[in-house]
Each structure stands twice: as C-alpha cells, then as structure tokens.
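Colleague: Please see the structure below; I have some questions.
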Amino acid sequence: FVVGGPYGFPDEVYRRANEKLSLSRMTFTHQMVRLVFVEQLYRAMTILNGEPYHHE
C-alpha cells in the first residue's frame, strides 16, 4: 500500500497501479490514514470470521 500526499500521486503512479483505494475525498494526516485503514481491516476480518463487531 502507498499513502499519497495532499495532492495525490503523479500520473505515472496511477498508470502503474493495479487497483486504487480511496478512504475519503477529505485530506487526512498520514497517522489518521493508518488508523482508519487498520480499523477497517480489523472490522472486515472480524465480520468475515463471524465474530461480533457491534455490541448487541
């Protein structure tokens, strides 16, 4: 994974990428992107493993 700067990547990076993922149209700090991304991975893996994610 590569985290871009506030203005994205040069066109060459986009051309070479197999896939692109955008967390939001907003601009985040690199630390915040890591936090959001890890939380989403945790959430996805928890749900895929059939574990409870939300308190019920």
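Quick note: the coordinates plus some simple rules give every number you see, no bench work behind them. Computed from a prediction, not measured in an experiment: that's the story for all the values here. Please note: Cβ atoms are built from the backbone with ideal geometry, for glycine as well, and neighbour counts cover all protein chains shown.
Colleague: Taking 7 Å along the Cα-to-C-beta vector as the label spot, tell me the Lys20-Val2 distance in nanometres, rounded to one decimal.
Modeller: About 1.2 nm separates the two model spin labels.
Colleague: Does anyone have the angle between helix 30-48 and the longest principal axis of the chain? Alpha-carbon axes, 0 to 90°, nearest 10?
Modeller: Result, in degrees: 40.
Colleague: Fewest to most neighbouring Cβ within 10 Å: what's the order for Arg16, Arg43, Arg25? Write out the running numbers ahead of the final one.
Modeller: Numbers: Arg16 8, Arg43 12, Arg25 5.
Listing Arg16, Arg43, Arg25 from fewest to most nearby Cβ atoms yields Arg25, Arg16, Arg43.
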